[in-house]
1. Go through the residues of the stretch 331-340 one by one and say whether even a single one is among the β-branched types (Val, Ile, Thr) and under 30 Å from Phe201 (Cβ atoms).
2. Can you tell me which residues in the stretch 279-318 are assigned to a loop (DSSP other than H, G, I, E, B), of a type in the set (A, V, I, L, M, F, W, C) and more than 14 Å from Leu334 (Cα to Cα)?
3. Say we look at the stretch 173-209 and pick out the residues that are more than 21 Å from Thr483 (Cα to Cα) and in contact (Cβ under 8 Å) with a residue 40 or more places away in the chain; which of these is farthest from the chain's Cα centre (by Cα)?
4. Regarding Lys343, is this residue assigned to a helix (DSSP H, G or I), more than 28 Å from Ser454 (Cα to Cα) and free of Cβ contacts under 8 Å to residues at least 40 places away in the same chain?
5. Which residues, taken from the stretch 287-299, are in contact with a Phe, Trp or Tyr (Cβ under 8 Å, 6 or more places away or on another chain) and open to solvent by 20 Å² or more (accessible area, probe 1.4 Å)?
6. Any idea how many residues of the stretch 210-243 are open to solvent by 60 Å² or more (accessible area, probe 1.4 Å) and part of a helix (DSSP H, G or I)?
7. From the list Glu364, Glu347, Glu342, Glu323, exactly one residue is closer than 26 Å to Glu243 by Cβ and surrounded by fewer than 21 Cβ atoms within 10 Å (Cβ to Cβ). Which is it?
8. Would you mind listing the helices (runs of 4 or more DSSP H) fully within the stretch 449-520 where at least 2 residues are open to solvent by 10 Å² or more (accessible area, probe 1.4 Å) and out of contact with any Leu (no Cβ under 9 Å at 6 or more places or on another chain)?
Amino acid sequence: MGKKRVHFANGLHRGNRHLPKDTFTPLPYRRVYGRQRPSEKGRKCLHGMAICAQQTWPHNQQELPTQRGHGSNVKTLLNIIIKDLQPLNAVKGSHLARILQPSLDVPFQIRTELQNLYRDKRLEVQKAVNNTTNLTLSAELWNSSEMFYLTVSCHLINENWELKSYVLETAHLLTDHTAEKAVEQLLRISNEWNITKKTEFVVTNVNGMKKAHINGCRWTYIPCFAYTLDKVFKETIMFSDWEPLLRKCQQIVAFFHQNEKASQKLQEYRDSLHLERKELTQSSGLKWFPTLHMLKNILVLWPAIFKVFVDKRIEDLCLNENERKIVENIVAVLDILKDVTEKVGKEGFSPISNIIPLVQMLQERLRNLMMMENRIAKKLSEKCDYHIGSIKQNLWFRVCTALDPRYKTRVLRDAGIEDVTAEIRRHIRGETHTYDIESEESVWQKYWKLTGISGNTLEFWKTKEEFQKLATVARKYLTVVSTSIPMERVHQPHTSQIVNRRNCLEPENLNMILFLNSNH
């Protein structure tokens, strides 16, 4: 029986599958979020990626006050722009702009108000930063088309023992995204905010920043944990024979996304077979979480997918029994990564104090899969050993873990903890300018013997007055966060909305809008 010819949107699906081994297949079609017609800015800025700058505003237009003067309307419009990360050019011709007098220069008024709002909020953030003695910086490198940006944030624990995070600036690196350029911009930003001497740790997703370190800074660079897990998964797949299988799974999803009749038939078979009401989702690269989501849904819907392929005589996209077994093994491994990252935190930023126990849990569960002859688990475990296997030997991680009462026993029960206790005592003496060995030992022994501690770590240090000296050290170390991006972006199966929309912002407004959006 002849194979029915299937027409796809690009050459990849016409048999041109021989790609370089060090590359991975991009999305074979344009993914569009939402049904609105994109603005001209939205068309230009992404070059075939997700379209996000929209002419139709997502808010209820009737809510806009029309009786309170033009200044109030401009502020309302600006608040929507900031909240939804819309480019200023998107307001031209919009319903909200037409409410104002046509003779007014709406973009000019909005930009003027944007500058005023940015200046006021910057003073507010500067005050919060000035009131702390220790903080941590995070640096996220990202790109929009061919332009690269570095978003720098700071993290601190305030007087109420709350972990606060503020975006300081998004620097435009143009096409020079080297580690040297990133360090140069990071130092400039820290100097402008007058926090260079307050900073000791920098959490980043930029490779090579430690080697590019500028003399005079006493910063310790810590890799972003979420970025490290993505790197571990990427290297596991790229240096194996499983990459073509993932590419094939991408092609399966692309087939149904581009063929409306096949997609409708898939839903009919899904319902008739009483399968879970899942939708096929695309993974556009080698990030582990979108890949997990894609593969899980393919497995759930496979009986329905297979029926559609039989109907349409599609043979080259069918997964054989061995391929499905490999997909199941990949899913089993990635489910472990999902559990680990969820324990790091589900939103915002979290201290690195639980990373040592989570890495131990990750390795233990991978070993269990290896005993079940899961080759992917073995390969991933090897990459984990290479990138984060020695994390327990890192003094900074061990001290931070020791100062979290929930996990302190993970390091304090080990032999050879003298370096941890010595480091903590050194900081106590530096903070209090006193030297009482007997008192220090008494406090330390009392803390060490505490058991059954659970709940919020920062709340523990806030309420335990008997550990006041230890608390000064804990405040410093617990400001060190585990990721350079908020955890809610780690747990999104698609490219997050903030990532899609920030790519559409005009370069001259991008820093101000992202600053106000993040520090709302």
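The values are calculated or read from the model by the stated rules, or taken from the named source; none is laboratory data. These numbers were taken from a predicted model, which means no experiment stands behind them. No Cβ is skipped: glycine too gets one built from the backbone with ideal geometry, and neighbour counts run over all protein chains shown. Heavy atoms of the whole protein, side chains included, go into the accessibility calculation; ligands, DNA and RNA do not. Shrake-Rupley method; radii C 1.70, N 1.55, O 1.52, S 1.80 Å.
1. The answer is yes; a qualifying residue exists.
2. Of everything in the stretch 279-318, those that are assigned to a loop (DSSP other than H, G, I, E, B), of a type in the set (A, V, I, L, M, F, W, C) and more than 14 Å from Leu334 (Cα to Cα) turn out to be Leu280, Ile314, Leu317, Cys318.
3. Going through the qualifying residues, I end up with Asn194.
4. Answer is no for this residue.
5. In the first step, residues of the stretch 287-299 are kept if they are in contact with a Phe, Trp or Tyr (Cβ under 8 Å, 6 or more places away or on another chain); the result is 287-288, 291.
Across the stretch 287-299, the qualifying residue is only Lys287.
6. Summing the residues that are open to solvent by 60 Å² or more (accessible area, probe 1.4 Å) and part of a helix (DSSP H, G or I) in the stretch 210-243 gives 2.
7. Every option except Glu323 fails the conditions.
8. Where helices (runs of 4 or more DSSP H) fall fully within the stretch 449-520 and carry at least 2 residues being open to solvent by 10 Å² or more (accessible area, probe 1.4 Å) and out of contact with any Leu (no Cβ under 9 Å at 6 or more places or on another chain), they are 457-463, 468-477, 487-490, 507-518.
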